[in-house]
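Comments concern the structure below.
The values are calculated or read from the model by the stated rules, or taken from the named source; none is laboratory data. None of these values were measured; they are calculated from a predicted model. Neighbour counts run over all protein chains shown; Cβ positions are idealised from the backbone, glycine included. Just the protein is used for accessible areas: all its heavy atoms, side chains included, with ligands, DNA and RNA removed. Shrake-Rupley method; radii C 1.70, N 1.55, O 1.52, S 1.80 Å.
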Amino acid sequence: SKEHEQFFRDPVAYAKRYHPEKNSDDCYTPVELRTAVEEYVVQNLLPNHGKGYVIARPFWPKGNYQKYHYKKNEVVIDNPPFSITSEIVKWYQEHGIKFFLYGQGTTLFQAGRTATSVVVDVSVSFHNGLCVNIGFISNLYKDAKISVDGKLRQIILKAMPVQLFSVAYMARSRM
């Protein structure tokens, strides 16, 4: 058949046609992780344990975070596309929007960043199969540029138990 011929001529193109590349912009947050992080932020970083604040999640496929109608009492706790994190942080800072964003561990310390890089040293398996070392970027910390947060790390590890698949995936991806 034509499909078999295509497979044997160019197996990589054939595979990409049916199995799109895994992309760190398509890492949808597991509910357990999202819930644990939201509870931590509300209890530990917002005034009055978050009373009066509403959590905003403006990132979804084909959405436009700049068109979202932000309210004064909202704090963004969300997992944005990692490829445009710097652009998002800059825009939020310019517009006075409170945020606690998921970040890819390898890009937390980009030059010129005007927010706090929160290091937790945890790798998470996302729904698309990628295992990503996560951290966070936030403007909820006063003047700190870096926060190494062991308490948040423990909360995440408790919410997202280490899976053998994650370790196996990481080992394969480094070969």
Across segment 6-32, the tally of residues that are surrounded by 10 or more Cβ atoms within 10 Å (Cβ to Cβ) and either acidic (Asp, Glu) or at pLDDT 90 or above (or both) stands at 4
Pair list, Cβ under 6 Å, 6 or more apart: segment 68-90 residue of a type in the set (Gly, Ala, Ser), other residue assigned to a helix (DSSP H, G or I) and open to solvent by 40 Å² or more (accessible area, probe 1.4 Å): 83/25
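In this structure, does residue 100 turn out to be over 19 Å from residue 47 (Cβ atoms), surrounded by 14 or more Cβ atoms within 10 Å (Cβ to Cβ) and either in contact (Cβ under 8 Å) with a residue 12 or more places away in the chain or aliphatic (A, V, I, L, M) (or both)? Give the derivation first.
Values: over 19 Å from residue 47 (Cβ atoms): no; surrounded by 14 or more Cβ atoms within 10 Å (Cβ to Cβ): yes; either in contact (Cβ under 8 Å) with a residue 12 or more places away in the chain or aliphatic (A, V, I, L, M) (or both): yes.
Against the criterion (over 19 Å from residue 47 (Cβ atoms), surrounded by 14 or more Cβ atoms within 10 Å (Cβ to Cβ) and either in contact (Cβ under 8 Å) with a residue 12 or more places away in the chain or aliphatic (A, V, I, L, M) (or both)), residue 100 does not qualify.
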Could you check segment 39-81 and list, in sequence order, the residues that are among the hydrophobic types (A, V, I, L, M, F, W, C) and farther than 23 Å from residue 135 by Cβ? 54
Filtered residues of segment 106-124 (kept if open to solvent by 20 Å² or more (accessible area, probe 1.4 Å) and under 16 Å from residue 156 (Cβ atoms)): 119, 121, 123
Can you run down the residue pairs with Cβ atoms below 6 Å, 6 or more apart or on separate chains, where the first is in segment 33-44 and of a type outside the set (Asp, Glu) and the partner is open to solvent by less than 20 Å² (accessible area, probe 1.4 Å) and modelled with pLDDT of 95 or more? 40/152; 41/77; 41/100
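Which of the strands (runs of 3 or more DSSP E) found entirely inside segment 67-175 contain at least 2 residues meeting this: modelled with pLDDT of 90 or more, in contact with a helix residue (DSSP H, G or I) (Cβ under 9 Å, 6 or more places away or on another chain) and more than 21 Å from residue 57 (Cα to Cα)?
Numbers: elements: 74-78, 98-104, 116-125, 131-138, 146-148.
Those strands (runs of 3 or more DSSP E) span 116-125.
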Which of the residues belonging to segment 23-59 are in contact with an Asp or Glu (Cβ under 9 Å, 6 or more places away or on another chain) and either part of a loop (DSSP other than H, G, I, E, B) or among the acidic types (Asp, Glu) (or both)? 29, 53, 57, 58, 59
